[in-house]
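One structure is given below, encoded as structure tokens.
Every read-out reported here was derived from the displayed coordinates using simple, explicitly stated rules and does not represent laboratory data. This one's a predicted model, so the numbers in the text were calculated from it and none came from an experiment. Every residue, glycine among them, receives a Cβ derived from its backbone with ideal geometry; neighbour counts consider all protein chains shown.
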Amino acid sequence: MHRLKMRNWQERQAGAMHEMSLCEGIVQILEEQATQQNFSRVRTVWLEVGAFSGVEKEAMLFSFDVVCRGTLAEGAKLEIIELPARAWCMQCAETVEIEERYDPCPKCGGYQLQVVEGEELRIRELEVD
Ligand SMILES: [Zn+2]
């Protein structure tokens, strides 16, 4: 007999919890839209996800599947559109693309950046019946 360390498992669960609640929010929006725009089934959801949104793609797909069960979006497909992050560089006086939150400006190497895009989590389009 031996003991298993479950630390990683817990972390993964905690991570998935975040995506679970995001998906619950999405389903709520779908239900509101269904009433307003008169549809009864959702087939596909195109979701824009910013590079800094903290969303893990795999966890999001898994959670979406689980959360949609028994709702108008049961079996719906989630298409994740990953958006790059953009920041305003004070020195260059223009918007640049960055990969990590504390990256320097790719043009001048400066750190006077202000993130303007990258935290998005929004529904772009729906395929409905
Ligand atoms: Zn710059």
*Identify all residues within the stretch 89-108 that are within 9 Å of the ligand (Cβ to nearest atom) and hydrophobic (A, V, I, L, M, F, W, C); write none if there are none.*
Cys89, Met90, Cys92, Ala93, Val96, Cys105, Cys108
*Quick one: what pairs do we get from the stretch 22-41, first residue in contact (Cβ under 8 Å) with a residue 40 or more places away in the chain, second in a helix (DSSP H, G or I) and among the small types (Gly, Ala, Ser), C-beta under 6 Å, 6+ apart or different chains?*
Cys23/Ser63
*asked:* For the stretch 29-54: of the residues being surrounded by 18 or more Cβ atoms within 10 Å (Cβ to Cβ) and aliphatic (A, V, I, L, M), which is nearest to the chain's Cα centre (by Cα)?
replied: Val49
*So is Val45 assigned to a strand (DSSP E or B) and farther than 27 Å from His18 by Cα or not?*
no
*Failed condition for Tyr111, given (1) surrounded by fewer than 17 Cβ atoms within 10 Å (Cβ to Cβ); (2) part of a loop (DSSP other than H, G, I, E, B); (3) away from the ligand (no atom under 16 Å from the Cβ); (4) not aliphatic (A, V, I, L, M)*: (3)
*Mind checking which residues of the stretch 76-95 are part of a strand (DSSP E or B) and under 17 Å from Ile123 (Cα atoms)?*
Lys77, Leu78, Glu79, Ile80, Ile81, Glu82, Leu83
*asked:* Within the stretch 17-26, does at least one residue satisfy the condition of being surrounded by 13 or more Cβ atoms within 10 Å (Cβ to Cβ) and either in contact with a strand residue (DSSP E or B) (Cβ under 6 Å, 6 or more places away or on another chain) or part of a loop (DSSP other than H, G, I, E, B) (or both)?
replied: no
*Look at the stretch 87-127 and say how many of its residues are closer than 30 Å to Gln33 by Cβ and among the acidic types (Asp, Glu).*
5
*Of the criteria (1) in a strand (DSSP E or B); (2) surrounded by 16 or more Cβ atoms within 10 Å (Cβ to Cβ); (3) among the aliphatic types (A, V, I, L, M), which one Ala73 fails*: (1)
*Within the stretch 69-82, identify whether any single residue is free of Cβ contacts under 8 Å to residues at least 12 places away in the same chain, on the phi < 0 side of the Ramachandran plot and not aromatic (Phe, Trp, Tyr), and answer yes or no.*
yes
